[in-house]
Amino acid sequence: MESGKLYIKEQENGKTEVIFEPVNNTVWLTKSQIATLLGCYTTTITNHVRAIFKSGVLRENEVSYCYHYTNGNSVDMYNFEMIMALTFRVHSRNSEIFRSWLIKRICSKQSLVMKQLTDERKISLN
């Protein structure tokens, strides 16, 4: 299964960059991979995932699935929606970097939508 790529890369000049290469508009990561991404322990991710499901903010069957390996082992995978939710619960340098990246992406897309709506309104007024 293709799960996409999502990681934080430290550049030579000291700046950080978020690498986001989705497959079918999302990425799927294990708890261990999310912990590495956000710079925290896997148990922290496990506790937050449990709390998110318990609160009803996200539904387990919509944001996770169990990947079964041919050797009989399995691992739970979580999609980008869960990763975003976890980013706002975890307090670490990496989660701050990731939150900042998310907010910039959302704001830039919102600016594009607002510009498009404004342009459409100008056209309809003429």
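Bear in mind that the values in this text are calculations on the coordinates, not laboratory data. Just so it is clear, the structure is predicted and the values come from calculations on it, not from any experiment. Cβ sites come from the backbone with ideal geometry, for glycine too, and all protein chains shown count toward neighbours.
Values computed for the structure shown
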item: Built amide H within the under 5 Å cut-off of THR16, gap 5+; result: GLN11
item: Global form of the stretch 14-68, assessed from the alpha-carbon gyration tensor, a/c cut-off 1.5; result: oblate
item: Three-way shape label, the stretch 1-108, alpha-carbon gyration tensor, a/c 1.5; result: prolate
item: Greater than 23 Å apart at Cα, pairs in LYS5/LYS54; LYS9/LYS54; LYS5/LYS31; result: LYS5/LYS54; LYS9/LYS54
item: Estimated FRET transfer efficiency when R0 is 25 angstrom, pair GLN11-ARG93 (beta carbons, to 0.05); result: 0.95
item: Neighbour-count ranking [beta-carbon atoms within 10 angstrom, fewest first] of TRP101, TRP28; result: TRP101, TRP28
item: Dipole axis of the stretch 13-99 (+1 Lys, Arg; -1 Asp, Glu on Cβ), positive-most option in THR70, ALA85, THR30; result: ALA85
item: Test item: Cα-centred dipole of the stretch 5-125, Lys/Arg +1 and Asp/Glu -1 on Cβ, debye; result: 340
